[in-house]
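Participant: Sharing a structure with you now.
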Amino acid sequence: MTSYEESYLNTRPQSLCHMCGKCCRVVTTPTPYNKLKRMAFQGDEGAKDFLSIFVPYESIEAAREVDAGVVDNILNLLKADNPDLKEDEMTFYCCKYLQDDNKCSNYENRPALCRHFPSTPWAIVPPGCGFEGWLFGKREEDKERVRHAKEELLELELLKSKYDEPKILNKISSVEAKLHRTIDFYKKYGSENW
Ligand code: SF4
Ligand code: SF4
């Protein structure tokens, strides 16, 4: 686990979960089902954990019959990032341990992926999830961090034009590299456009 995930998980208020069970009843992954099975066969712990609890629905329609709101929310968000997404290549799953009263019958032994969900501020959560508002705030903090890094880069650019001493320029370069690393870290969430 990276320190980013650790510090995020340490501050995440678990009490916000109102145990609706939606994130156990209709879920998907960016990795196709057949690939997940291959990964599990090859010993990938994450894939093994996932397939040890989640059972695929026969079709997207079958998942929609259970909770169309969750299915369409996920598809809409994924399509916003990838307009070429093919729905018929997606697989939705339900956990075999979820009970009719929305409680987990495997709570004490649930895998890390359950204990950590939502595992980043950028995780897709079902509409109405108790974490929605809090995650929005955390995403805004990430964006602010990146905007601040971009501002600092502009200021350093100006500073560079005022100095020609190698020692100072080297120091500026190392600060620039650090700021670029911050921006790159959030690239997969769209930091280039923040
Ligand atoms: S969808 Fe959100 S509120 Fe509902 S059980 Fe999952 S984490 Fe908790
Ligand atoms: S193991 Fe429990 S917490 Fe994890 S998805 Fe299944 S029902 Fe939900």
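Participant: Please work out if Lys48 is within 16 Å of ligand 2 (Cβ to nearest atom), charged (D, E, K, R) and in the same structural domain as Thr120 (by TED's automatic domain parsing).
Facilitator: yes
Participant: Count, please, the residues in the stretch 1-29 that happen to be without any contact (Cβ under 8 Å) to a residue 12 or more places away in the chain and assigned to a loop (DSSP other than H, G, I, E, B).
Facilitator: 2
Participant: Can you name every one of the helices (runs of 4 or more DSSP H) wholly within the stretch 30-96 that holds 2 or more residues which are touching a strand residue (DSSP E or B) at 6+ places or on another chain (Cβ under 8 Å) and without any contact (Cβ under 8 Å) to a residue 60 or more places away in the chain?
Facilitator: Where helices (runs of 4 or more DSSP H) fall fully within the stretch 30-96 and carry at least 2 residues being touching a strand residue (DSSP E or B) at 6+ places or on another chain (Cβ under 8 Å) and without any contact (Cβ under 8 Å) to a residue 60 or more places away in the chain, they are 60-81.
Participant: Would you please list the contacts, defined by Cβ atoms under 9 Å and residues six or more apart or on different chains, that run from a residue in the stretch 118-129 that is over 19 Å from Ala80 (Cα atoms) and near ligand 1 (Cβ under 6 Å from one of its atoms) to a residue that is of a type in the set (Lys, Arg) and open to solvent by 50 Å² or more (accessible area, probe 1.4 Å)?
Facilitator: Cys129/Lys22
Participant: How many residues does the stretch 69-109 contain that are more than 21 Å from Thr31 (Cα to Cα) and within 16 Å of ligand 1 (Cβ to nearest atom)?
Facilitator: Adding up the residues that qualify gives 12.
Participant: I would also like to ask the following. Gly137 - would you say it is assigned to a loop (DSSP other than H, G, I, E, B) and under 30 Å from Thr28 (Cα atoms)?
Facilitator: Answer is no for this residue.
The values are calculated or read from the model by the stated rules, or taken from the named source; none is laboratory data. Model, not experiment: these values are computed from the prediction. Here Cβ is always computed from backbone atoms with ideal geometry, including for glycine, and neighbour counts include all displayed protein chains. Heads up: the accessible areas ignore ligands, DNA and RNA and are worked out on the full protein's heavy atoms, side chains in. Shrake-Rupley method; radii C 1.70, N 1.55, O 1.52, S 1.80 Å.
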